[in-house]
Amino acid sequence: MGNSISNRRQLIAAAALALLLGFYHGMSGTLASGWLVFCSVFFVCLPLPELLATWLMQKRVQQQAESLGVSLLRPQRLITLAEADTLLLPYRDILTEGAPRISALLPEGMSQAGLLALAAAAERGATHPIGRVIYATATERGLRLPRVSAQAEQAHRGAEALCTGDTIRVGSIDWLRKEGVHFSAELLTTADQMYCRGESVVALSMGQRARGLIALSYDTRDGVRAVLSELSHAGMTPILFTSSAQKLAHALAKQFDITTTYGNRSKKNSVREAQFLQAHGHIIALLDVATHPIPIPADITDIHLLIPSPEATGSNKDTELGEADIALPSIAALPPLLTLSRRAATACCHSRRIALFSALLFLLPAAGALQMAGGSLMPPQVAVGCLFLLTVLALLPIRKIREPLIK
């Protein structure tokens, strides 16, 4: 859109300048000389070099992006990525892979089987991956689940249900404590230890008393630490955002060598932090994942990157992509994509400068400077040749885009 407006303005400026200089030569000389100057100036000042350079650049960038498995849903946003210096990302399905698994059960006042069965009963029909794995694990172990009613799932919190007149809640410790649930010192200490090991923790309460903890762990993705290090060296600072506990966020940051983390973030707090970064001059790229979206609206960041779920196809995939600017197969594609975006931005800048300075150089003879020195006016055929030369010069920087992205 911006390039289109710029080219339209350049075309109007070329016509206006050509008309003005042509009118001057026509009044001071002959009508034929005025016509020659008009045609020569108009051809030399046409935005054709930048138009062709931009078109060819987009084609080559598209080819390079496809080789990385990247879909440029809004190709013009790639230049914004080149300027980005901050990357906001969640940890699930980016730093980790696969579904979580239960790594520990710590009941209080009941058996491990009772804790798991009660939690699974409240999580029956859950859509969140943690709720699904709790229910699936209880089913695989053949546990008999108690009857519950009035089930409800709370986004970014957990699930609750009624069981024999008591309210059963399964979810984050912070949520349960806000609901007035009492935790023993032993449970809170154990939860802190689990967080420091990099495990997610959900608690189960019956009534106003916590009855146990369920720890879940994920497999980490190979090579993610190297990818994050590569991004940092390229001048893009990764920042981890998560609604999980701050201690878990710190443990993940230490594991993946991330300098800045924000844990226990609600949507409101996440938006505030993103706006704070922008107010201090940071260009923010949001790396989101369709299965676990980060609680930050994409429209408040500068560019939205999305990793769609592998099983999404057709209309489901289109719905997932939504307002995303670029779709990535994984975070591993981001460093070469960042390199590509910066090459494209540099090539565009160089092409624009070459076209501008060369046009200014040819503008003087096209406007009659040679005639003032005793020569003749530039004929339109020569002006067309100059325009062709300008186009060739403007296309030269595009060659660097085809260089290998991964060494």
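The values are calculated or read from the model by the stated rules, or taken from the named source; none is laboratory data. In this text the structure is predicted, and so the values were computed from the model without any measurement. Positions of Cβ are backbone-derived with ideal geometry, glycine not excepted, and every protein chain shown enters the neighbour counts.
Odds and ends about this structure:
- For first residues located in the range 237-249 and outside the structural domain of ALA191 (by TED's automatic domain parsing), partners that are β-branched (Val, Ile, Thr) and lie 6+ apart or on another chain with Cβ distances below 6 Å form the pairs THR237/THR86; PRO238/ILE258; ILE239/THR260; LEU240/ILE258; LEU240/THR261; PHE241/ILE294; ALA249/THR242; ALA249/THR261.
- Qualifying residue in the range 266-275 (condition: surrounded by fewer than 19 Cβ atoms within 10 Å (Cβ to Cβ) and either touching an Asp or Glu at 6+ places or on another chain (Cβ under 9 Å) or within 30 Å of GLN112 (Cβ to Cβ) (or both)): no
- LEU188 vs. criteria in the same structural domain as THR127 (by TED's automatic domain parsing), in a helix (DSSP H, G or I) and either among the aliphatic types (A, V, I, L, M) or touching a Leu at 6+ places or on another chain (Cβ under 7 Å) (or both): yes
- In the range 209-252, the qualifying residues are those that are at pLDDT 90 or above and of a type in the set (S, T, N, Q), and the one that is farthest from ALA274 (Cα to Cα) is SER217.
- Only residues that are touching a residue at least 60 places away in the same chain (Cβ under 8 Å) and either surrounded by fewer than 22 Cβ atoms within 10 Å (Cβ to Cβ) or in contact with a helix residue (DSSP H, G or I) (Cβ under 8 Å, 6 or more places away or on another chain) (or both) were counted in the range 116-129, giving 3.
- The residues on offer are ALA159, ALA150, and the sole one that is more than 12 Å from ALA119 (Cβ to Cβ) and part of a strand (DSSP E or B) is ALA150.
- Selection count where residues are under 19 Å from ILE130 (Cα atoms) and modelled with pLDDT of 85 or more, scope the range 152-179: 15
- Residue in the range 53-62 that is under 28 Å from the mean Cα position of the chain (by Cα), under 30 Å from GLY223 (Cα atoms), modelled with pLDDT of 90 or more and outside any strand (DSSP E or B) present: no
- Check on THR237, of a type in the set (Ser, Thr, Tyr) and either in contact with a strand residue (DSSP E or B) (Cβ under 6 Å, 6 or more places away or on another chain) or under 28 Å from ILE168 (Cβ atoms) (or both): yes
- Test: residue in the range 255-273 that is closer than 22 Å to CYS196 by Cα, touching a Ser or Thr at 6+ places or on another chain (Cβ under 9 Å) and in a helix (DSSP H, G or I): yes
- Hits in the range 234-243 - residues which are part of a strand (DSSP E or B) and surrounded by 19 or more Cβ atoms within 10 Å (Cβ to Cβ): PRO238, ILE239, LEU240, PHE241
- Picking from residues in the range 76-134 that are of a type in the set (Lys, Arg) and assigned to a loop (DSSP other than H, G, I, E, B), the one that is farthest from THR189 (Cα to Cα) is ARG124.
- One residue stands out in the range 276-316 among those that are of a type in the set (D, E, K, R) and surrounded by fewer than 17 Cβ atoms within 10 Å (Cβ to Cβ): the one that is modelled with the lowest pLDDT, namely GLU311.
- Residues satisfying the stated conditions in the range 195-219, i.e. assigned to a strand (DSSP E or B) and among the hydrophobic types (A, V, I, L, M, F, W, C): VAL201, VAL202, ALA203, LEU204, MET206, ALA210, LEU213, ILE214, ALA215, LEU216
- Of the residues making up the range 134-143, at least one is buried (at least 20 other Cβ atoms within 10 Å of the Cβ), assigned by TED's automatic domain parsing to the domain that holds TYR195 and of a type in the set (A, V, I, L, M).
- Every residue from the range 198-226 that is out of contact with any strand residue (DSSP E or B) (no Cβ under 9 Å at 6 or more places or on another chain) and either surrounded by 17 or more Cβ atoms within 10 Å (Cβ to Cβ) or acidic (Asp, Glu) (or both): none
- Of all the listed residues (LEU252, LEU231, LEU277), the sole one being in contact with a Gly (Cβ under 8 Å, 6 or more places away or on another chain), in a helix (DSSP H, G or I) and touching a residue at least 60 places away in the same chain (Cβ under 8 Å) is LEU252.
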